[in-house]
1. Name the long-range amide H neighbours of I98: under 5 Å, sequence gap of 5 or more, or other chain; modelled H, no Pro or chain starts.
2. Please report the relative contact order for the stretch 47-121, taking Cα pairs under 8 Å with a sequence separation of at least 6, and give it as a percent rounded to a whole number.
3. May I ask you to sort L76, L121 by Cβ crowding, counting other Cβ atoms within 10 Å and putting the fewest first?
4. What residues from the stretch 70-99 fall in the zone where the backbone N is under 17 Å from a label point 7 Å along the Cα-to-C-beta line of A122?
5. What list do you get for L83, L93 if you sort them by fewest beta carbons within 10 Å?
6. What FRET efficiency would be calculated for the residue pair R53, V28, taking the C-beta separation as r and a Förster radius of 25 Å, to the nearest 0.05?
7. Report the local net charge at V55: Lys and Arg +1, Asp and Glu -1, summed over other residues whose C-beta lies under 11 Å from its C-beta.
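We did not get these values from a lab; they are worked out from the coordinates using the rules stated. Note that the structure is a prediction, hence the values are computed from the model and not measured. Glycine also receives a Cβ, built like all others from the backbone with ideal geometry; neighbour counts cover every protein chain displayed.
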Amino acid sequence: MKSLKEQLSGLVYSTETGQHCPDCAEPVSQCRCDQLADAERIASLDGIVRIRREVAGRKGKGVITITGVPLPEPELKALTKKLKQRCGTGGSLKSGVIEIQGDQRDLIKTLLEAEGFKVKLAGG
């Protein structure tokens, strides 16, 4: 664990290159921290996309969560946008989990299978 002095002494800005990443100290334009996190997340998946319907903690509003999609973050954002448009609902992408409002599991399953993913309906 870094001491407080080591944490505060890192370079965060340079007049030559601008902002620097606090983790790797590279300029933000050359930072690869997000790519490494994506690679670790994708490597930990088993290749099966799981679709669940969740209501708990959402004031009774049903939400479909899609986990296990083996795509990097930019492609995951594009897939989220495509699913939201096809379902005609809202949704979001939070730390690798796609959330789509409403209960449209069958439509989402069909769309993901058409994209070439192996899909399982999980939960209730």
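1. For I98, whose amide H was placed from the backbone, the distant partners under 5 Å are I66.
2. Working: 119 pairs, mean separation 28.4, N = 75.
In percent, rounded to a whole number, it is 38.
3. Numbers: L76 19, L121 13.
The fewest-first ordering by Cβ neighbours comes to L121, L76.
4. Backbone N within reach: 70-71, 93-99.
5. Placing the least packed residue first, the sequence is L93, L83.
6. Efficiency at R0 = 25 Å is approximately 0.05.
7. Details: positive: R52, R53, R58, K59, K61; negative: E54, D103.
That sum, taken over residues with Cβ under 11 Å, equals +3.
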